[in-house]
Amino acid sequence: MSSPKRTAFPSAVQAVLLFVALFLCELVVGAALKDANGWLGLNGMQLGVLSTVLGNGCVFAVVMHYQQLTYRQLFHQSPISAQATLVLVVPPVLLLVPALMVTVMAALNLLTYVAPLSPWEESLFSRMADGSIAATLAVCVVAPLLEEMLFRGIVLRGFLKRYARWHAIVGSAVLFGAAHLNIYQFLVGLVLGTVLGWLYERTRSLIPCVALHAAYNTGTMFVGDWPTDASRADTAWTVLLVVVAAVVGSLALRRMLVTPKAGRRRL
């Protein structure tokens with residue numbers, strides 16, 4: 001008889017196949033919506049958002065039926081109440097966002113120096129940050145919600161049952177980055193996915209994960225690049241505030257989520 005650890009869904013191979021199925025589903029839904037767009041009257045970004053939502057909805061419905069999961073179980077598996085998680089965990093999590101943005105921005109600047117963006121990639125990122133309602137909804141709401149449901153709620157949940165803790169976290173982060181299909185977002189996904197994976201493993205809740213993901217995406221969309229015209233004094237104060245916020249948030253999360261000796265969850 002196979003052990004539950006070996007049969008937990010998904011395995012690494014099953015996770016890759018799940019992403020392939022998701023992409024195919026989005027393509028089919030997108031093609032159908034494009035044919036029907038004469039009476040829908042949507043622009044390209046709006047069609048993209050709608051096809052993503054419907055495509056993910058189809059895949060989630062099948063996977064959750066297969067796993068006999070409810071959305072309540074998917075979002076919050078912790079014995080601690082959702083309200084307590086929202087009030088106690090989310091605020092220190094949000095304190096990490098500025099430091100994550102600065103770290104990832106520095107890494108991306110180095111990467112784009114070594115491997116400049118192609119015209120197609122420049123066009124893609126410009127559309128994602130064009131400030132339209134559809135783009136804002138897609139980047140700040142739809143992507144954080146759906147990606148956390150898939151990568152942490154389904155994939156990492158299964159990985160943690162099959163693999164060692166950090167193998168599961170890093171493996172899900174690699175898949176999270178690779179699913180974006182370009183090296184720049186792969187880097188972002190790897191860094192952010194590792195932090196989100198640790199956070200999910202500690203809390204067994206998507207609430208802080210969605211909050212961190214949404215705050216990060218919103219910050220990168222509306223704050224943009226580090227201001228080049230700022231004075232040295234302003235830059236120094238900004239860096240100091242970022243570091244202080246990160247330290248306070250990290251210490252608070254460590255105190256709540258990690259015991260000093262056993263290294264296990266408190267919440």
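How large is the Kirkwood hydrodynamic radius of the stretch 145-193, counting all unique pairs of alpha carbons, in Å? Kirkwood hydrodynamic radius for the stretch 145-193: 10.5 Å. Taking every protein chain into account, the 1.4 Å probe leaves R254 with about 130 Å² of accessible area, to the nearest ten. Backbone geometry of the stretch 98-112 corresponds, through the Karplus equation with coefficients 6.51, -1.76 and 1.60 at θ = phi - 60°, to 3J(HN,Hα) couplings of x, 5, 4, 4, 5, 5, 5, 4, 5, 5, 5, 4, 5, 5, 5 Hz, x marking Gly and Pro. Just report the Cα centroid separation between the stretch 117-180 and the stretch 187-225, whole Å. Going from one Cα centre to the other spans 9 Å.
Show me the ranking of peptides 23-32, 61-70, 177-186, 209-218 by mean Cβ neighbours inside 10 Å, starting with the highest.
Descending mean neighbour count gives 209-218, 177-186, 23-32, 61-70.
In terms of the mean number of neighbouring beta-carbon atoms within 10 Å, the peptides 111-124, 89-102 order highest first as 89-102, 111-124. Residues whose amide H falls under 5 Å from that of H76, counting only those 5 or more places apart or on a different chain, are L206, with hydrogens built in the peptide plane. Working from the Cα coordinates of the stretch 133-248, the gyration tensor eigenvalues give, after taking √(5λ), semi-axes of 28, 17, 13 Å in decreasing order.
Shown here is the pair-distance distribution of the stretch 102-166: with all Cα-Cα distances grouped in 5 Å bins from zero up to the longest one, the shares run 4, 14, 12, 15, 18, 18, 13, 7, 1 percent. Across the protein chains, with a 1.4 Å probe defining accessible surface, the residues I169, I133 rank I133, I169 from largest area downward.
The values are calculated or read from the model by the stated rules, or taken from the named source; none is laboratory data. None of the values given here were measured: they were computed from a predicted structure. Glycine gets a Cβ as well: all are built from the backbone with ideal geometry, and neighbour counts include every protein chain shown. For accessibility, only protein heavy atoms count, side chains too; no ligands or nucleic acids. Shrake-Rupley method; radii C 1.70, N 1.55, O 1.52, S 1.80 Å.
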